[in-house]
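Chemist: One structure coming up, written as structure tokens, with questions to follow.
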Amino acid sequence: MRPKAAPSQKRRMKSTEVEPSRDLGAEVERPLDAEDVALSLLDARVRAEEAQADLSSTEPDAGVSVRLPRAVISRLLAEAAKRHITPSELIKRALMQYLRT
């Protein structure tokens, strides 16, 4: 067997160039990298936690509409964002605390 010759500079440059896809509709599989794996695991964990929360809920939620002044809505949205919860969750917590007293 003969040893393979080293690739020429021209050939080496050509192999690293990105060739545009001829068929834009065709999906190209690419290998998963660490970020893809981490995002996949995080997504699976979030879905599992949401499913568990849905199973542990014993009371069905019902909708209620409330008209509020714009100033109150602005404060509600700001407080919900500060606590990293939805405005609906903030209202629910506030009402539960208020109704306990």
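The values are calculated or read from the model by the stated rules, or taken from the named source; none is laboratory data. Everything quoted here is computed from the prediction, not taken from an experiment.
Chemist: For the range 37-56, indicate whether the set of residues that are assigned to a loop (DSSP other than H, G, I, E, B) and at pLDDT 65 or above is non-empty.
Modeler: Within the range 37-56, not a single residue is assigned to a loop (DSSP other than H, G, I, E, B) and at pLDDT 65 or above.
Chemist: Within the range 67-101, can you find the residues that are more than 26 Å from the chain's Cα centre (by Cα), in a loop (DSSP other than H, G, I, E, B) and at pLDDT 90 or above?
Modeler: Once the filter is applied, which keeps residues that are more than 26 Å from the chain's Cα centre (by Cα), in a loop (DSSP other than H, G, I, E, B) and at pLDDT 90 or above, the range 67-101 yields ARG67, LEU68, PRO69.
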